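Input: a single structure, listed below in structure tokens.
The values are calculated or read from the model by the stated rules, or taken from the named source; none is laboratory data. Here the structure is a predicted model, which means the values were calculated and not measured. Methodologically, a virtual Cβ is constructed for each residue, glycine included, from the backbone with ideal geometry; neighbour enumeration extends over all protein chains shown. Heads up: the accessible areas ignore ligands, DNA and RNA and are worked out on the full protein's heavy atoms, side chains in. Shrake-Rupley method; radii C 1.70, N 1.55, O 1.52, S 1.80 Å.
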Amino acid sequence: MRSLAVLLASTLSMPAVAAQWQVDHEASRLGFVATQGGAEFDGRFGDWQASMRFDPDNLGESRFDVEIDVTSVNTDSADRDNIIGDPEWFGFEKFPRARFETTGFERVGDNQYLATGDLSIRSVTREIELPFTWVSEGDSAEMDGEVVLDRTNYNVGTGDWASADMVGHEVRVVVDLSLQRIAD
């Protein structure tokens, strides 16, 4: 009987695990907006996976781990898409994947949060802050966020492409996700 009481007490004192969410890839977008020749263009990644646990009332147990196959990029320009895999850009042969792993969350307003985490591109890892909104209803949720990165901080666009003359340094990463809660 005593061991049952110890088991119950330890179970009650365990922190609650944040809800796990699955991305609806058909209704979601992970992409970016950049500039070439002074004009904006959109890009998106077609192949990426996200392990997501998030609970607005339990930010300490929340985690995002997103792995992106950068070779799946599509900018609606065959010429640009062919060049973007070259060693001066993403370097698909050596660096086919990028990754974002959160290290913490902060509530900054109603349905507004700040995810701090490590973004790795081309084996360069830097801490970033991703502001986002999270709205959930029942077992469905929507997450929208944006962060501006300097591509040169990740050695994307080196050599003749290092200057912002032809391709801007700032890249706006866009996260627009539709999610469904997964039963634990």
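Charges were assigned to the Cβ only: +1 to each Lys and Arg, -1 to each Asp and Glu. The resulting dipole of the chain about its Cα centre is roughly 700 debye.
What accessible area per residue comes out for the chain, rounded to a whole number of Å², with a 1.4 Å probe? Could you put the intermediate results ahead of the total?
Details: 10710 Å² over 184 residues.
Ligands and nucleic acids excluded, the figure is 58 Å² per residue.
Computed in the context of the full set of protein chains, the accessible area of the stretch 16-159 at 1.4 Å probe radius has 42% of its extent on carbon or sulfur.
Does anyone have the angle between helix 2-13 and the longest principal axis of the chain? Alpha-carbon axes, 0 to 90°, nearest 10? On a 0 to 90 degree scale, this one is about 40. Near residue 55: Cβ cut-off under 15 Å, other residues only, Lys/Arg at +1 and Asp/Glu at -1. The net charge is -2.
Inter-label distance, residue 158 to residue 146: 3.0 nm, where each label sits 7 Å from its Cα along the C-beta direction.
Entry note, the chain: the mean residue ellipticity at 222 nm calculated from DSSP H runs of n ≥ 4, each adding -39500 (n - 2.57), is -3000 deg cm²/dmol after division by the residues and rounding to the nearest 500.
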